Every structure is written in structure tokens, then in C-alpha cells.
Amino acid sequence: MKKTYDLNFLKILPLRGPNIWTYRPALEVWVDIGELEDAPSNKLPGFYERLSAWLPSLIEHHCGVGEHGGFLKRVREGTWAGHILEHVTLELQNLAGMQSGFGKARETSTRGVYKVVMRSRNEHVSRACLAVARDLILAAIHDTAFDVTGNILRLRDMADSLCIGPSTACIVNAADDRNIPAIRLNDGNLMQLGYGARQHRIWTAETDQTSAIAETICGDKDLTKTLLQSCGLPIPEGCVVEDVAAVWDAAQDIGLPVVIKPLDGNHGRGVSTNLSKEADVIAAFKLASAEGSEVLVERFIAGNEHRLLVVAGKVVAAARGESAFVIGDGISDLHQLIESQLNSDPRRGVTEEFPLNIITLEEDHHTVLFEIERQGYTPTSIPAAGVSVLIQRNGNVAFDVTDLVHPDVAADAALAARIVGLDIAGIDLVAENISKPLAEQGGAIVEVNAGPGLLMHLNSADGSPRPVGDAIVASLFNDGDDGRIPIVGVSGTHGCNEVAHIISVLVQLSGLRCGLACADGHYLGRRQVETGDRATWTGGHKLLLNPAVDVAVIQSKPQGILHEGLPYDRSQVAVLTHLDQTFTLPDYYVATPDQLFNVLRTVVDVVLASGVAVLNADDEKIADMAPLCDGSVIFFGLKAEQAILAEHRAKGGRAVFVQGQQVILANGSEETALIVLSAIPQIEQIGTEHLIAAVAAVAAAWALNISNDVIRAGIETLTLER
Amino acid sequence: MEVSRIRALRGPNLWSRHTTIEAIVQCTAAECSILNLAGFETRLRARFPEIDDFQSCGNDLLIPIAHVLELAALGLQAHAGCPVTFSQTAKTTTDGIYQVVVEYTEEKVGELAFELAQTLCQSALDDTPFDLAAALHQLRELDEDIRLGPSTGSIVHAAEAQGIPYRRLTSGSMVQFGWGSKQRRILAAESDRTSAVAEAIAQDKVLTNMLLDAAGVPVPRGRAVLNADDAWAAAEEIGLPVVVKPQDGNQGKGVTVNVTNHEQLLAGYAAAFAVSNEVMVERYLPGHDYRLLVVGNQLVAAARRDPPHVIGDGKHTIRQLVEIVNSDPRRGEGHATSLTKIRFDDIALTRLALQNFSADSIPEKGVRVVLRNNANLSTGGTATDVTDDVHPEVAARAIEAARMVGLDICGVDVVCESVLKPLEQQSGGVVEVNAAPGLRMHLQPSFGKGRAVGEAIISTMFSKDENGRIPLVAVAGTNGKTTTVRLISHLITTNGLRVGMTNSDGVYIEGRRIDTGDCSGPKSARNVLMHPNVDAAVLETARGGLLREGLAFDRCDVAVVTNMGAGDHLGLNYISTVEDLAVLKRVIVENVTPKRGIAVLNAEDPIVADMASSCPGTVTFFANDARHPVMRTHQARGLRVVYVDKDAIAIAEGKFKHRFPLADIPLTQNGAIGFQIENAMASIAAAWALNIEPAIIQKGLANFINDAATAPGRFNQFSYHGATLIADYGHNPDAIIALVKAVKNLPAKRRLVVISGAGDRRDQDIRQQTEILGDAFDEVILYQDQCQRGRADGEVLDLLRQGLRGAKQVKNTQEITGEFLAIDTALAQVKAGDVCLILIDQVDEALAHIAQRVAAG
């Protein structure tokens, strides 16, 4: 009997922020591979062949070997199931369209149990990929059937519906390029860029600056046209005509040629364009009124449809629509011509990653049907050789023309957005040649759109993406503004809560609104909003969402870091109090001081280059974290004579310590006596652990550039009972 | 009685500052005095007893039926509730024809009132019935339908009180405040800063609940549910009682509160699911519903909202009790009254059933019977103002909620026992935040004080000293308007502002022409004031538009009247004398901003100078001669004057004096062209009125270009074969006098003139043109064009020829048909050293023709 193996998931931890593995959110799974511990991949007959056949793209995984095909080489030579699970999950994420590279698999102290971690852009999709990976691996081991394609399609659909859309992603990526953090606020495309009081929100191509009234105006086409026209912008003038007797006069008043269409028609049914003769106009009126609604007569605007994207008063991208034609060969019918001449274009496809749509003559694609009917054809007509048939007057607006836009046209588009009142607008205009002023060619603005799609500018048919995300981010954040509020991360095995409270007091004294999430609650300024342990991911996260928070002081506990990761991506200040060498977290396989060090260092790892790690010089392990900090270091301690302090100060570093009866701020060799200990009330009752908390808080306040006077006043008036 | 023309004057006008209907009413001889119409007044008063006392118009003590019509149209509006008081009937120069003007607040209501007034008069004439109640009802309905609703109205009134101009953009609630680049918009209680994203957030109750919780605002615990079973599971997690509601509903639709058991929960789920696919269950908070209105960062009003209910008296059925409550005259059908009638519909009956009542139950005395779950005023609920009771901590939570969602104007719904205590002390919470909140409950609460919420909203859009206006200069007069408008615009542009300008050539924004043709009317002016890139407006204000529609603005900072002269379109629209015309052009002077506004008036034109007495602001006089009595007395009083001081234009006020050398004003050609000096003086005065520094004015004067390209038809000079050609669109005697003066100042061997006459002028004015020329020119080429504007072929030429009779200087006269041919004829005859004035008719074409001939050499 064939042996049956299993992969048993003991625990799945969605790490929602920086964690012991990586700076980015990840999914950590504890997997018990059971008897597979004794059956590395080279011992599983046919496994390598089946796996590499099912997922040939695994060849791209370099793995530890560091070369193309590195991972598959390891599979061939023999590697363990935990490691395979990591790579298969990652590859399934890739195939689902959720690109991710980072993964790790590590043994634990329990035989057969591994911690496997993968970068995750969406928890639900990653969980699904993980489940499929397990099934796929087991099927490959046991040589049973597995629907690889079906599963990948399902994962892809899932990723499409659960991940942020590509337009939003381009804005978020642009923000990321500028080091602006992003938080997704709902299951859709509502994103917060920046933290706390410095945040802005976007919802696809709408921002918190997008005026609701402007959107209402856009929704009212007549009002929009009236407003544009009053400011001198060209629009297709038109009017509703009641009866056939009046239509020719109306057409002449408007100016020939004209378009005649039903007022609330759709798909181009009953629309006739480019009419100049009385008989045609009258016939067109009858055609349009047969649709049952009122009939609109409009100036005919010759040319292509264009979409100009205006962001903050400037045109940042422009795309042109193209008319699609086929040329008859005297043999093929229109169906066939469309297939052979248009749909064969590799840029055409059904999903949104294709810049051009497939053109069909099905019943539900009326526009194309009406277009050919107007020319006297049916889908089965066979046009004579050399005859050109218009298939789509305004197909996908997908051809980038940004560099061709005449400055006057750009100014007109920007003015249209300004008149309506939109910060981000898609201006639809029709013109023969976008490189000439509209007035010269009778071009016109036909519509102003709020929340315009960005995809056509990102994924144009001629392949030149425009940095529209950058422009939108720039409209919300000035140069050099990364949308960050100072975050003070506080961690350690003990003493953190008190330090966090004192820092919060000092921040408030400096006139800023401070949010505090720590072990005894959630505080906004002096108000305790919630009680209980809020030194959690959720507790810290809430502060970052709050526009009334100028500075966030966030405590993180070792188990929280292991379980959920940090609630923030980077911080201005990290304060590390103590690393108790006896502290263990057996549930998380943290048993040694070195393992604990690896947990706590996460808080130091995320300090910004402009930031400061505030480290306890009296705690050897904590002091050892200094080299891990991207920013600078301020040591604090009660013992002025610590060698590490001297060494640090000798290199020009900063330190805060107690010397004699004074708290000293030292900047290199320069010393400032900040506080006389006797000035601190209740000094008699304060033990050294309280004193060290105060000193740590002083150092953190210094790192936040709070003035010495404020720090001194804060410490001297400190009341420790709460 | 026949009404031949009705106009709506939408701005300050000839008659008053009010918006008015103006009608031309023709009365038969008998109707010119109603005394001739036996029993008419009695019959009329029987039909409309409230009509005012009649008063005779004019000196003949007669009361024409036109006056009755006027008072009827006014009275009908007034009794339908429109705040109107002004009306007038004026005789015209034609017997039996009267101009009747009646104020309106809503144009359509005014028009309807005018129609109904005619019907009323006719019924009194014919002794047929007239249904006054129906007429008033019709007017009232129409007025309620189209006038601004109470929320929007309160904001608009607050704006008006601060002097902010407004304009409705739609027939609905969208209103624009201010002008040009200072404009702002509202849509009911949304401002143009109200964020679309914030509104979308407020629509999503789960998201809002999460965000408010993150902001430290107490909210009921709850979650979205998948189906009815999950709803019950959620209810058990959260703890009963709960509320079941649609995730994205509004106005309380589909909301069931105080659900205490499984059965109620299933019913509630069904009701919510009918409104939205996404349903949420949340903790039911006991207490009252309060609405806190946050504007900017302030709590500006708060109301307790009670659902519609009746109190049993042990005698009446619930149905009867509702009728009794609804008979309260304060309860109306729509939004116009402070209370709305209680709806006794299926929803009410369902609610009654929950309390084990039916419509015919007779509740015991004192029993409170609730008829609906939600407390909206529109379904009969009541609102009690509690603004002064709100505890500061409660207010702070409401403000934090609005800020977290991102709404500048926000209705925060709070449920708690009392707003006197912090929410945290009473398990109260914020259950919803609303964008575009209704304001009626705060403006006209059912009980308690109304609050100034419109003022609060305006204060977030405009600071106390702002009124949303941009500097506005209006220019009227007979000649020189266009050049003056252009020069003033140029001076303002030089001062760094983006100028919108209208004149008889077009509309210009920042120097770019956006419309062509005669744009000196109110429509073009309104367009300039709408344009978001305009920091200052300079508007030529011609008579036509003023007569047709009134002014496009309620007031201006500077009104310039260049001159009046004679003969410009007299005879049209019952304007037959220069004095009548003066009344019309004076309108801009009458409407300068009180106190701060300045009228710039030509002291040497007595009619213009007289307008000073109509100016509610101050006056700057300009004149060539500082010794003119008007100038001397004005200057002696320390007031502003502008005059020619030897080789410069001087401005003076008290001890202050500044000179602009004519040599540095190219427009005047070193002072040679008199009428351009006048234009420059008017423009300098206007720029000075706007506090532009003399150095800036100097700079602007120096680089102002006035040629055929920038000012077509305004003294455009060309050099041709050593001769000077001057093309001008001079078209009235005064313009021609000015041109003649200027041409005489230019040295010349011989002076030629090419001239035609426009057929729509009076004979005497056409004749006068050539009379003026006769003494200045050696050669005259008369021409006529195809377009004779209603005159017979040769008629105009004949008039022109008559004017030349007895001319002293003229040596030779030729007659040509066709403008181009006349120009060619002149060009064939000019020699070096000659000056030839060409009075062109088709401006652009003729200029192009001349330019082409000049270029060809």
C-alpha cells in the first residue's frame, strides 16, 4: 500500500505589518510535515517531474542556490516539504496576479514542525494560495489528479476581486515610491495615504479634495455644458427638437453638419452623424424619434474621441480613441473580417489588462451592429474587395498622445476641470488633431468625468505608460512631504507602559495632539478612550487612522510582534527599555535571549533614516541593537560611566544619563544639565525603575526635538499615580 | 387692453434695484381712465378685495387700466406670500401706451401673476367669474416649487446679509456665491469643499462605525451580516436589544430599532434587505435621537428628534387623534412649514400593530402611541432645539466624528438618554453621520429657538470681511467706451490681476477672446463673473442689455460714464430724448457700492456731470480744463479730479497731485488726439479708484498698444504712399466731431474722408455727420452699401449730400456704391502728405482690405 502523507497547518498568523521576517505584511504558517520529515523530495518518486510539469514557472525561483532554476534543483536534489510549500504558495500567488518574492521556511525546535512565511499582499488570497499549495503538493506526492489550471483561474478571480484595482494600485505605488505609507480602509479601493493628521484619502481616482458638488455637476451634462460654454469653451451646441417640421431650421441654426440622436438613447441606436442635407436631417429625425424619446440635434464634431486626464490644474496624460475599419476581400463576411483583421491583434482581449477590446457582433454589442447597419450591412454581408467598412467609430480610447497635446488644448481641458471644480478630471473631447487649438478645427469638449479611469493611461495600446499615480500623489502631498506623523515605537520586556505615558505627556506639553496605545489603554491626549491592553496591532493601527493625532506613541509587546507584526511600517523613534534574559515565549518557539533579541529588534529595524533609536545603555542586549538602526542612536542609562556611552559620545553620538544628582543631555562631548533629581516630586518614592523610565522618555522627547524647557517642565511636574 | 411685450429685468434697472416684470400695455381710449368703465372698480374689488388703492399716474389725474393691472399683479404675488412691494406704471410718449413694472422674487411667479392679473382685469371688465383662491393657490404652489428650499434659503440669506452676491446655477439647490476667482458653490447643505470621498464613507455605515471607533467616538458595537441566520448570531454576540439596518441606506429607510427577539429580528432583517443587499446588526442604544450639526470645527446646533406620535385621551381613536394633530396649522404638506403632517400609512399601521393597536383603537388617556420609528420631520416627527444643553464632551465627540469622516458640514446622529452628560457616562453613541444634512429642524424647530446655521455655513466659506466680490468696473457712455474699457483692463492687468472684459467686440479673459460680436450686454457680463480665472471685471454696459434685462450685477466698485452726446440710437424703446438716455446710463452710477464705490464722470458733459447727485458713493470728475466750474468746486472740496495739466494728465485730491506726461501715453500721440486724452483720463481715474499705484498706472499707459489688431476700428493708422490713413468706426455725430478734431491736429497737405451712413439712424443724425465734416475736409467720398437697414436705395446718400450743402472746405464730392470700392477710390487719389479718414462700416473686412492694399504698396 502506498504511503499517505499529510501537511498539517498548526497555526496561520497573518502578519499585518513589519515582523521578524520582513518589513512587509506576510502570512506565517506553522506546518507539521509529519512523516515527510523522513521523505525529502528526492525520495518521492515522480514528485519532481509532476511538480515541474504542473508549475513550470517555478524555474524562475532562484532560492538559496542563487541561480535560475535554483529551487527546482533543490527539489531534484532533495528538500523538505515546508520549503516546497513556501515556493509553491509564492508561485501560486504570482500566477494569481499577486506578485510577491519573499518567502522563508525555518525549522522549529519541534521535529517536523516548520515556520513557513510568505510575503502577502492580501491575507485572503494568500490563505487560499496556501491551501491550494498544500493540495497540489500532496497530489504531486501521491500522484493523484489535480486541476492546476482551474485552481489558478479561481485564485486569479479571487485576487482580482479582493485586491485593490490597478488604478488604485498605481497611486499607492507612486505613494510608496515617495515613502508615503498606505492603509486600505475597506474591501474596495478606499485607501488612506499617510498617517494621522497628515493623511489624505483616495478612492480610486477620487481624493478627499474631490468636491461632491463638482461630481454632481458632472452628472448633469446640460449644466456642465452651460458652465463650460459660459467660460468660452467649445462644446457641441445643440437643442431638443419637438417635431419634424422644426428640425431643419434647428440644424441650420446650430450650424451644419449635425448629429441627430435620441435624447436618452444608448449604444448608438438611432444616432445619425455628419448630416448636411435637409432630406438626411429629416430622415435622421424620424429614425431617432422612432426610439421613443425626445430628439437631440447637435453640432457634428469631426474627429477622434480623446481623453485628457487633468490633475491639479494640469493635463498629465492624454489618450486618443481610434476608429476600427476592416477592408473587404470579396470573400469573407464581416464576422470573419473582424476576426482576421481586428481580433487577431494581440492587444485585444477580454480582461482589463488588454488595452483593446475584442469586437463582437453579438446581440449585446449594439454599437457595432448599428454602425454597420447604418452603412447598409449585416454581420453576414460580404463587402467587395478593397471596400473599407467602419466597424467602430470610437473604439477604446487607448492610444497615448500625451506629448502631442497643443498647449491651448491642455489649457482648455484644465479650465474645464476648474469650472466644474474637480481636482482630478477626465475630459472627453473630440478633435481631428490634438496638436492644434480646438477653435481652428471645430473641436469640442463633450464631457467632464469625475473619478476617471486611469487604466488607459497606464496600459496604453502603444505601450507608453504615464506617471498618473505620481501626479495624483503630488497633488495631495507637497514635495518632501511623506505624509508621516512622528511615531514613537516603544518595546521591551518590561517598563514600556510607563515610558510610553511619560513620552505622551511630554508630547502634549509641546502643543501637539498625542495618541497613545499601550498596555493599559487607548488615549487621545489626556482622555482615556479605552481601557485594557491596547499595546496591540489594532490599538496602534487605530491611532494611525485618526486625523486628530499629530504624534502616535505605540507600545508593542514581543508576543504581539510575533503574532501580528507591528502596526506601522516605519517610525521616527524606537524606544527599547529592557531585554529580560529570562523572558521566554515557548508558545512561539522563543526560548533564548538571542531569539528574543530577534523579535525586539523589529522595532529598531523600522526606524527611518531620519529617525532615532533610543536604547538602554544599561541593558547589554538592548545596547547591541544600535548597529541595526537606519537612523541615529541616543543611549540612555543611569550609569554615566558605561563604556558604551563613552564610546558612542566619542563618535559624536547623543546620550541621556544620570550623573550625580542631575539628568544630563550629552551631545558628543557637550553636556547640558537638564534636571536636578531633587526637583522631581516624590523623588523619594521613585525607585530606579521609575527613574530609568523618566530618563528614557527624556531621550525620546529629545529625539522628537521637543525643547529642553518643555521636557524639564514635564518631568518636574510629573505625577505618577493614574 | 393689450399686453404687447413682457420682459424680466433680472438686475438693477431703469426703474429700481428690484427684479421686475416690465410690460408694454396698450389701453383703448376708454381704458385710459377707469372712470369710463362703469362698475369696473366695484367688480374688480369684488373679485380681489385686497388690491391696493389706485393712484393716478401723470398730471391728468386719470387712472388707466394699466395701473389696475400693475396693482393686481403685485397684490396677487404679495397675497400668495411673495415679499414684493414695488410697482409702477409710466406713460410713454404714445397715447394709450403704458410701461407697467412689477417687482418679483421668482421670475416665473411674477409672470404667472401678470397673466392672472390680466385674467382678473378682463373678468372685471366682462363681469365673468374669477377664482381668487385658486389663483393664489396656483401662485403659492409655483412659488414653493421653484423658490429656494429652507436649508438652501438660510445659507443664501446669510450670504446676502454679508453682501455676497449669489446666483442659482440650477432650478434646484445649487447656488454660486461670489464672482470670478472668488466664487464658491453650495448644493443645499453641501459646500464645494464637501468631499465626495467623505460622503461615500458616510454612506457606508460599517466603515463609518469602524472609523469613528478608531477616532475614540463611542459607537454601538455591530457588524455586517450575511443572512438572516447570521443576523441572529450577530444579535446574540452583541447582546439584545439590537438595531437592524441597511448598510448604505438613508433617511431611516429599512431601519428597525429595539429588536428584542428572534421574530422581530427576522422582520427587521427583511425590511433592511428590501433596501440594501448589505445589512448590519448593531447594539440598540436606549434613549432619544439627537441630531448634532457640525459646521467646520464647531457644533452649531442640536435638536432632539421625536418620532410622530399621538397621546391618548380615552375618547378618540388613533385615526382621529392623528387628524386632530394634523389640523395644527403649523403642519403643512411639504418642507415649507416648521412641522409636517403625520402620515397615516402602512408603515404607521405596522408600527401600531407592534404596540397592539389598530387605527380604530382608543388609547387610554396619557398613553403615548408612536406612529413611526424614525423621527424625520418629513414624516411628521418633531424637533426640539437643545443646542444650549449639549455637554462640551458630547460636542467634542460630534466634531471628532465629522472630522474623522472628513465632512465640513455634517449631521451627527447621537442616541443617548440626555445630551447634558458625556456619552461615555450613559452608554450613548453616535449611530450615523450624514452629509448634506437637512437644516429645517434647526432653523424652525417645532419647539425652541431657531439657530443661525446659514450664517455658520457662510462663515466657513467666507471670512467676516470677505464678500466674494472681485473689483468690478462698469463703463457707459456714447463714445470712447471700448477704448476706455480696454485701457482700464490693461491698467488692472499691469497691476497683476487676471481681467475679464466685455465690450462691443467680444468677451476677453486674460486678453484671450472667448466670444465675439457685441458683448456689451448682461449675458456676457454674467459669463465674465462666472469665469473662475477672473480676478477683476471691466464691463462695457450698453443700453440695449440694460433695457432688455437690467444689469448683470447688483453693484459695481467703479462706474465710468464717458459722455452722453446726442443722437445715438435715440427713438428706440421709448427713449426719445438725451435726458431719457441719461436716466438709462445713470443706472450704473446709481449702483456703485454705497460709500466705497466711485463714479468717474465727465465734468464737461453737463448731463454726465449731473449724474453725480445719483451716486451713493463718491465721484471723480475728469475734464480737459481744470478751470471748469464743476472741476473747480469739486477740487476745492478736496475731492478727486483728473484733468489736462499743460503737457500731462494730472490726478489730484486735496494736497495730493500726480502727473502723467502725455508724451508717455502713446495712445494720445503726444496729446494730439483729444478724444484719446479723454479716454486716458477716464481710465486713469478708474484705475485710481481701484487704488492702483501711480507708478503702475504710468507703466500701463506707456505700454498700451492700440492698433487695428488690438482695437479694430478705433483710430487705426496706416501709412500709404506717404499719406496717413486713419480707419475708424465712428458712427454718430459726437464721434465724428472728436475724429475731426483729432484729424485737424495732424499736419496735412490735404484731408480726405470716406463716409457712409447707417440706415437705422434718424435723418437729422445722418445729415449732421456730413455737416460736421464739411468744414474740415477737402475731398469727400460718400458711399452706400447693400445693407440699407430699411431705407430705399439712394436715400442715405441723399441725406449725406444734404449735410454737405454749404460746406466751406469741401472742394469735391464723389458717390460710390460699395465700401471696398470707396476705399479703393480714396487710395487711388491720396498723395504723400495727405491725411485720409476712412469711416468703415464692416470693421473686420474693411480693415483687412486696407491692410492688404497697404502691404501691396
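The values are calculated or read from the model by the stated rules, or taken from the named source; none is laboratory data. Bear in mind that the values here come from a model prediction, so they are computed numbers and not experimental data. Glycine also receives a Cβ, built like all others from the backbone with ideal geometry; neighbour counts cover every protein chain displayed.
Residues in the stretch B:19-31 that are within 16 Å of residue B:71 (Cβ to Cβ) and touching a Leu at 6+ places or on another chain (Cβ under 9 Å): B:20, B:21, B:22, B:23, B:25, B:31. The single condition among (1) surrounded by fewer than 24 Cβ atoms within 10 Å (Cβ to Cβ); (2) within 14 Å of chain B (Cβ to nearest Cβ); (3) closer than 18 Å to residue A:521 by Cβ that residue A:550 does not meet is (3).
Counting the residues of the stretch A:118-129 that are surrounded by fewer than 24 Cβ atoms within 10 Å (Cβ to Cβ) and touching a residue at least 40 places away in the same chain (Cβ under 8 Å) gives 5. Of the helices (runs of 4 or more DSSP H) lying entirely inside the stretch A:573-667, those containing at least 3 residues that are under 27 Å from residue A:516 (Cα atoms) span A:593-605, A:620-623. Selection of the stretch A:218-249 for residues being away from chain B (no Cβ under 14 Å) and among the β-branched types (Val, Ile, Thr) yields A:240, A:241, A:244, A:247. When the strands (runs of 3 or more DSSP E) confined to the stretch B:597-673 are screened for residues that are farther than 25 Å from residue B:554 by Cα, those reaching at least 2 such residues are found at B:618-623, B:641-645, B:648-653, B:656-661.
Scanning the stretch B:447-477 for residues that are buried (at least 21 other Cβ atoms within 10 Å of the Cβ) and in contact with a Ser or Thr (Cβ under 8 Å, 6 or more places away or on another chain) yields B:451, B:453, B:454, B:457, B:461, B:470, B:474, B:475, B:476, B:477.
Take the conditions (1) assigned to a strand (DSSP E or B); (2) touching a His at 6+ places or on another chain (Cβ under 8 Å); residue B:820 misses just one of them, which is (1). Within the bounds of the stretch B:717-732, is there any residue that is aromatic (Phe, Trp, Tyr) and outside any loop (DSSP other than H, G, I, E, B)? Scanning the stretch B:717-732 turns up at least one residue that is aromatic (Phe, Trp, Tyr) and outside any loop (DSSP other than H, G, I, E, B). Evaluated against (1) surrounded by fewer than 23 Cβ atoms within 10 Å (Cβ to Cβ); (2) away from every other protein chain (no Cβ under 14 Å); (3) touching a Ser or Thr at 6+ places or on another chain (Cβ under 8 Å), residue B:245 falls short on exactly one condition, (1). Checked against the criterion of being among the small types (Gly, Ala, Ser) and exposed (fewer than 14 other Cβ atoms within 10 Å of the Cβ), the candidates B:398, B:375, B:353 yield just one match: B:353. Of all residues in the stretch A:75-104, those being part of a helix (DSSP H, G or I) and surrounded by 22 or more Cβ atoms within 10 Å (Cβ to Cβ) number 14.
Taken over the stretch A:47-68, the criterion of being loosely packed, with under 12 Cβ neighbours inside 10 Å and outside any helix (DSSP H, G or I) is satisfied by A:66, A:67. Checking every residue in the stretch B:193-204 against the condition of being within 14 Å of chain A (Cβ to nearest Cβ), assigned to a strand (DSSP E or B) and buried (at least 17 other Cβ atoms within 10 Å of the Cβ) gives at least one match. Those strands (runs of 3 or more DSSP E) of the stretch A:161-258 in which 1 or more residues are modelled with pLDDT under 90 occupy A:238-241. Scanning the stretch A:553-603 for residues that are more than 16 Å from residue A:543 (Cβ to Cβ), under 27 Å from the mean Cα position of the chain (by Cα) and charged (D, E, K, R) returns a single hit, A:601. Criterion applied to B:235, B:224 was being modelled with pLDDT under 95 and more than 14 Å from every other protein chain (Cβ to nearest Cβ), and the one residue passing it is B:235. Which ones in the stretch B:467-481 are in a loop (DSSP other than H, G, I, E, B), of a type outside the set (S, T, N, Q) and modelled with pLDDT under 95? B:477, B:480, listed by residue number. Exactly one residue out of A:473, A:488, A:499 is crowded, with 18+ Cβ neighbours inside 10 Å and farther than 23 Å from residue A:565 by Cα, and it is A:473. Just one of the listed residues (A:154, A:127) is under 28 Å from residue A:590 (Cβ atoms), assigned to a helix (DSSP H, G or I) and basic (Lys, Arg), and it is A:127. It is to be established whether one or more residues within the stretch A:530-546 are surrounded by fewer than 24 Cβ atoms within 10 Å (Cβ to Cβ), assigned to a strand (DSSP E or B) and within 14 Å of chain B (Cβ to nearest Cβ). Scanning the stretch A:530-546, I find at least one residue that is surrounded by fewer than 24 Cβ atoms within 10 Å (Cβ to Cβ), assigned to a strand (DSSP E or B) and within 14 Å of chain B (Cβ to nearest Cβ), so the answer is yes.
Conditions (1) under 19 Å from residue B:554 (Cα atoms); (2) away from chain A (no Cβ under 14 Å), marked per residue:
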| residue | (1), (2) |
| --- | --- |
| B:134 | no, yes |
| B:144 | no, yes |
| B:147 | no, yes |
| B:160 | yes, yes |
| B:163 | yes, yes |
| B:186 | no, no |
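Kindly evaluate residue A:555 against the criterion of being more than 14 Å from chain B (Cβ to nearest Cβ), in a strand (DSSP E or B) and under 24 Å from residue A:483 (Cβ atoms). It is true that residue A:555 is more than 14 Å from chain B (Cβ to nearest Cβ), in a strand (DSSP E or B) and under 24 Å from residue A:483 (Cβ atoms).
Of the residues making up the stretch B:205-219, those that are in contact (Cβ under 8 Å) with a residue 40 or more places away in the chain, within 7 Å of chain A (Cβ to nearest Cβ) and not in a loop (DSSP other than H, G, I, E, B) are B:211, B:214.
Those strands (runs of 3 or more DSSP E) of the stretch B:272-317 in which 1 or more residues are touching a Lys or Arg at 6+ places or on another chain (Cβ under 7 Å) and aliphatic (A, V, I, L, M) occupy B:279-283, B:298-306, B:309-311.
Kindly evaluate residue A:359 against the criterion of being crowded, with 16+ Cβ neighbours inside 10 Å, within 30 Å of residue B:531 (Cβ to Cβ), in contact with a helix residue (DSSP H, G or I) (Cβ under 7 Å, 6 or more places away or on another chain) and among the aliphatic types (A, V, I, L, M). Answer is no for this residue. Being small (Gly, Ala, Ser) and under 33 Å from the mean Cα position of the chain (by Cα) is the filter; apply it to the stretch B:710-729 and report the residue that is surrounded by the fewest Cβ atoms within 10 Å (Cβ to Cβ). Taking the candidates together, the pick is B:711. Would you please name the residue that is surrounded by the most Cβ atoms within 10 Å (Cβ to Cβ), looking only at residues in the stretch A:374-432 that are without any contact (Cβ under 8 Å) to a residue 12 or more places away in the chain and in a helix (DSSP H, G or I)? Among residues in the stretch A:374-432 that are without any contact (Cβ under 8 Å) to a residue 12 or more places away in the chain and in a helix (DSSP H, G or I), the one surrounded by the most Cβ atoms within 10 Å (Cβ to Cβ) is A:411.
How many of the residues in the stretch A:158-202 are of a type in the set (Val, Ile, Thr), within 14 Å of chain B (Cβ to nearest Cβ) and farther than 17 Å from residue A:567 by Cα? Count: 3. Of all the numbered requirements in (1) under 20 Å from residue B:239 (Cα atoms); (2) part of a loop (DSSP other than H, G, I, E, B), residue B:253 misses one, and that requirement is (1).
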